[in-house]
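Peer 1: Please see the structure below; I have some questions.
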Amino acid sequence: MTRSLEVGGLDVDRLITDRTRSIDASGIRRAFELGASLKDPINLSIGQPDFFVDERVKQRAIRAIAENRNGYSVTQGVPELRAAIWSNLESDLGWTEASGSDLIITPGTTGALALAIFATVGDGDEVIMADPHFVAYPPMVKVAGGRTVFCDTYPDFRMTASRVESLLTPRTKMVIVNSPSNPCGVVLTQRELDDLSQLCRDRNVLLVADEIYEAFTFPDAREDGRCPSAARSNPSLLLVRGFGKTYGCTGWRLGYAAGPKPLIQQMAKLQQYLYVCAPTPLQVAAVECFDVDLAPLIAQYVRRRDMITDALRGLVDFAVPQGAFYALIPVTEKGGSTGSAFANHVLDHRLIVVPGKVFSSRDTHFRISFAAPDEKLAEGLEIIRRVLKSGSYADAS
Ligand code: PMP
């Protein structure tokens, strides 16, 4: 066998671990590359907000750099952002530092998830997550030496306590719940989240609540005006939230984790040696984020969600998104085809969607992101309608 990874006489192939080698390159990245290569694509594949960072937040970042806030921060994060997050956690969830909780600011939500997994999951330990799920969870578990256990949530995509319970074993260390969810846009109810967190507490398993899309919970899923959260009045889990998606600054790499102090301390130890800290001037600027009015943006996402439901009414039954900016749409009900075949077929119309198998063991759906301009979304939906109606994609695989 020829070694494709030999460079300058160095056999790089031999150096790569089996764990790393076995990780598949993200299908989303592939869609991203396609987007770059197609001329004038209708790109509904990208999970990146289509708005700019608020002017005050930008100006605070520029000032922080000018004020020489450019060195390392303490691993846990700059005091002013920590204080702003604490006050948000207190008013939103009823958490206080006195409840035995702590928090750490991390490079993106990804940073928080990785620290949590590396701190708790060892060889052979099991992590339960929904199928379908966010793409980064399984590779992180794999690199940690753990084993992913998928909770089948089709067709409504609700990861409920009753679906999780039979999957718990003595090796289960963690359950990851993501609501509002990527790739489905599904928001669990407060009751469903409370039941799940009670189950995890009873079995001494860490519940990780990935709430990166918490701010984008649509009015129909809000309860008492708020996003249902497993962390409401419940500091026994690890809450993970971020700034990138909510405030349009995914490239700033800012997120945080809050939870039991002994766990956060272990995560902080890892962060000290892995990333040191999140970018200091951007942490300073993020304090301004809490004053940004998100209402117009949420209204825009709700309008786009409604465009999708209007366009697909009567054509396919799908879980109507109640949050985030994704919809996962089935293709197989009538066509007998795959999500991949559909995604390939619509490429001929310059439309990029992501096959559901990127997030799932099944290839029965495709994901669209509605973090895209209205005109592009409308154009894309017209193509989707036409292709779903004709069923012609069924032969395309
Ligand atoms: N969790 C979910 C569910 C996501 O969709 C994403 C980003 N697509 C992340 C975590 C990671 O976000 P960040 O950019 O903050 O690392």
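Peer 1: Connecting C-alpha atoms closer than 10 Å in a GNM of the chain, tell me which of 292, 149, 358 has the biggest fluctuation.
Peer 2: 292
Peer 1: Within region 231-273, what residues put their amide N at less than 16 Å from the label point 7 Å along the Cα-to-Cβ vector of residue 99?
Peer 2: From region 231-273, the list is 231-241, 257-264.
Peer 1: Now a separate question. With the Cα gyration tensor of the chain giving a ≥ b ≥ c as the square roots of its eigenvalues, does the rule (a/c under 1.5 for rounded; else a/b larger than b/c for prolate; else oblate) give rounded, prolate or oblate?
Peer 2: rounded
Peer 1: Which residues among region 8-24 fall inside the zone where the amide N is under 20 Å from a point 7 Å beyond the Cα of residue 147, along Cα→Cβ?
Peer 2: Only 18-24 fall inside the zone, counting backbone N under 20 Å.
Peer 1: May I ask for the distance between the Cα centers of region 273-318 and region 340-396, given as a whole number of Å?
Peer 2: 22
Peer 1: Something else: In square angstrom, what is the accessible area per residue of the chain with a 1.4 angstrom probe?
Peer 2: I get 44 Å² per residue for the chain.
Peer 1: Hey, another quick one. Could you give the angle, 0 to 90 degrees to the nearest 10, between helix 55-66's Cα long axis and the longest principal axis of the Cα atoms of the chain?
Peer 2: With rounding to tens, the tilt is 50 degrees.
Peer 1: Most mobile of 15, 347, 315 per a Gaussian network model of the chain (Cα springs, under 10 Å)?
Peer 2: The residue with the greatest mean-square fluctuation here is 15.
Peer 1: Once you put a point 7 Å from the Cα of residue 48 and another 7 Å from the Cα of residue 92, both along the Cβ direction, what distance in nm separates them?
Peer 2: Going from the residue 48 label point to the residue 92 one covers 2.4 nm.
Peer 1: Which of the lysines could a cross-linker span from residue 269 if the Cα-Cα distance has to be under 28 Å and same-chain partners fewer than 8 positions apart are dropped?
Peer 2: 142, 173, 245, 261
Peer 1: For residue 39, go through the aspartates and glutamates and keep the ones whose alpha-carbon is under 18 Å away, minus same-chain ones fewer than eight residues off.
Peer 2: Reachable aspartates and glutamates: 348, 375, 379.
Peer 1: Turning to a different aspect of this structure: Quick one: with all protein chains in place, what share of the accessible area of the chain is carbon or sulfur, to the nearest percent (1.4 Å probe)?
Peer 2: The C+S portion of the solvent-accessible surface of the chain is 53 percent.
Peer 1: Tell me the accessible surface of residue 33 in square angstrom (1.4 angstrom probe, heavy atoms of protein chains only), to the nearest ten.
Peer 2: About 110 Å², ignoring ligands and nucleic acids.
Peer 1: Pick out which of 255, 94, 314 has the largest mean-square fluctuation in a Gaussian network model of the chain, springs linking Cα atoms closer than 10 Å.
Peer 2: Looking only at 255, 94, 314, the biggest GNM fluctuation is shown by 314.
Peer 1: What's the longest bit of the chain with no exposed trypsin sites (Lys or Arg not before Pro), using DSSP loop states and at most 11 other Cβ atoms within 10 Å as the test?
Peer 2: On the way: sites that count: 3, 39, 313.
It runs 40-312.
Peer 1: For residue 291 paired with residue 6, estimate the spin-label separation in nm (one decimal), with each label point 7 Å from Cα along the Cα-to-Cβ line.
Peer 2: With each label placed 7 Å out from Cα toward Cβ, I get 6.2 nm.
Peer 1: Right, next: Report, in degrees rounded to the nearest 10, the 0 to 90 angle that the Cα long axis of helix 374-390 makes with the longest principal axis of the chain.
Peer 2: Taking the Cα atoms of the chain, the angle to 374-390 is about 50 degrees.
Peer 1: Rounded to the nearest 10 degrees, what's the angle between the helix 108-120 long axis and the longest principal axis of the chain, both from Cα atoms, 0 to 90?
Peer 2: Helix 108-120 sits roughly 70 degrees off the main axis of the chain.
Peer 1: Using a cut-off of under 19 Å, list every residue of region 213-229 whose amide N is near the label point 7 Å from the Cα of residue 156 along the Cα-to-beta-carbon line.
Peer 2: Flagged as within label range: 218, 220-223, 228-229.
Peer 1: With each run of n ≥ 4 DSSP H residues scored as -39500 (n - 2.57), what mean residue ellipticity at 222 nm is computed for the chain after dividing by its residue count and rounding to the nearest 500 deg cm²/dmol?
Peer 2: Value at 222 nm, helices only, nearest 500: -11500 deg cm²/dmol.
Peer 1: If I take R0 = 41 Å and measure r between the Cβ atoms of residue 201 and residue 58 in this structure, what FRET efficiency does the formula 1/(1 + (r/R0)^6) give, to the nearest 0.05?
Peer 2: Given R0 = 41 Å and the Cβ-Cβ separation, E is 0.50.
Peer 1: Express in nm, to one decimal, how much length is gained between residue 38 and residue 220 on full extension, taking 0.36 nm for each residue of separation and deducting their alpha carbon distance.
Peer 2: Value of the extension gain: 61.8 nm.
Peer 1: Counting DSSP beta bridges in the chain, what percent are antiparallel, to the nearest 5? Could the numbers behind the result be given before it?
Peer 2: On the way: 21 of 41 bridges.
Within the chain, antiparallel bridges account for around 50 percent of the total.
Peer 1: So, one more: Using a simple charge model, +1 on the beta-carbon of Lys and Arg, -1 on the beta-carbon of Asp and Glu, nothing else, what dipole does region 1-122 show about its Cα centre, in debye to the nearest 20?
Peer 2: Approximately 300 debye in magnitude.
The values are calculated or read from the model by the stated rules, or taken from the named source; none is laboratory data. Given the structure is predicted, the values throughout are model-derived calculations rather than measurements. Glycine gets a Cβ as well: all are built from the backbone with ideal geometry, and neighbour counts include every protein chain shown. Ligands, DNA and RNA are excluded from the accessible area calculation, which covers all protein heavy atoms including side chains. Shrake-Rupley method; radii C 1.70, N 1.55, O 1.52, S 1.80 Å.
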